[in-house]
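Please read the structure below before turning to the comments.
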Amino acid sequence: MAGAAAMRGQEAARYTGVAIWLHWTIAALLIGNIFLGLYHDSFGRPVTAWMMFVHKAVGLSVLGLTLVRFAYRLLHRPPACDPVLKRWEQGLASFIHWLFYAMLIAIPLTGWLLSSSNGRVTDYFGLFEVAPLPVPRSDDLNDLFEDLHEWLAKAVIGLVLLHVAGALKHHLQGHRQVMGRMAPWLYRDR
């Protein structure tokens, strides 16, 4: 009986299945899109065009899923921080989570603005076209949005590395339950 009660406590300390699914789906799309964005110029013209087609559609997917995740987060309180975390670690974790939301909205928006400043529509996986945002066509704006998009993408790479390092730190210190909150398949009650 005590084992069942302990298990319920562990499950209560985990994120919900919806939050976990959104987290890992957005993470996979983000990592794939970073690759596409960084390396699209390394290939010939037809491959580059295809990579940018996918990059833009995935970026819009990240934007949409992040807005869903943000709304879900506002409506569903996450589990309390694990007691093993020091107060400053809790504060840093909270700050990084909110910064992720901001970045995962800002990066696709700057990409959309980049395309829009060229007057281009964005094709969403061949299913429909997404109209450009109402910004003037301008080389100067295009350069600004391109620089901002790249800077934010590089910053999110650092943020991902910091996030992963924090999770691994706790995991390697034997606090598997910390990572198990978002990756329950890694944590098994012994």
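The values are calculated or read from the model by the stated rules, or taken from the named source; none is laboratory data. Here the structure is a predicted model, which is why all the values come from computation and not from measurement. Neighbour counts run over all protein chains shown; Cβ positions are idealised from the backbone, glycine included. Please note that ligands, DNA and RNA were not included when accessible areas were found on the heavy atoms of the full protein model with its side chains. Shrake-Rupley method; radii C 1.70, N 1.55, O 1.52, S 1.80 Å.
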Discussion item. Condition first: outside any strand (DSSP E or B), modelled with pLDDT of 95 or more and open to solvent by 60 Å² or more (accessible area, probe 1.4 Å). Can you find one or more residues in region 126-135 that meet it?
Written reply: yes
Practice prompt. Look at L172 and say whether it is loosely packed, with under 13 Cβ neighbours inside 10 Å, out of contact with any Cys (no Cβ under 8 Å at 6 or more places or on another chain) and closer than 29 Å to K86 by Cβ.
Written response: yes
Response to the item:
A102: passes all of (1) farther than 12 Å from K56 by Cβ; (2) modelled with pLDDT under 95 but (2)
Worksheet item: Which condition breaks for I107 when tested against (1) open to solvent by 30 Å² or more (accessible area, probe 1.4 Å); (2) within 24 Å of W50 (Cβ to Cβ); (3) of a type in the set (A, V, I, L, M, F, W, C); (4) in a helix (DSSP H, G or I)?
Response: (1)
Discussion item. Under 9 Å between Cβ atoms, which residue pairs at least 6 apart in sequence (or on different chains) link something in region 25-51 that is under 24 Å from V164 (Cβ atoms) with a partner that is among the hydroxyl-bearing types (S, T, Y) and at pLDDT 90 or above?
Written reply: T25/S61; I26/S61; I26/T66; L29/S61; N33/S61
Worksheet entry | Test: residue in region 46-56 that is among the polar types (S, T, N, Q) and either farther than 26 Å from L144 by Cβ or touching a Gly at 6+ places or on another chain (Cβ under 8 Å) (or both) | no
Discussion item. For region 27-62, give me the residue count where each residue is β-branched (V, I, T) and closer than 11 Å to P108 by Cβ.
Written reply: 2
Worksheet item: Can you name the residue in region 20-54 that is open to solvent by 30 Å² or more (accessible area, probe 1.4 Å) and closer than 19 Å to L127 by Cα and, of all such residues, is modelled with the lowest pLDDT?
Response: A49
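Could you list, in sequence order, the residues of region 121-150 that are among the hydrophobic types (A, V, I, L, M, F, W, C) and within 21 Å of S61 (Cβ to Cβ)?
Matches in region 121-150: V121, F125, L127, F128, V130, A131, L133, F145, L148.
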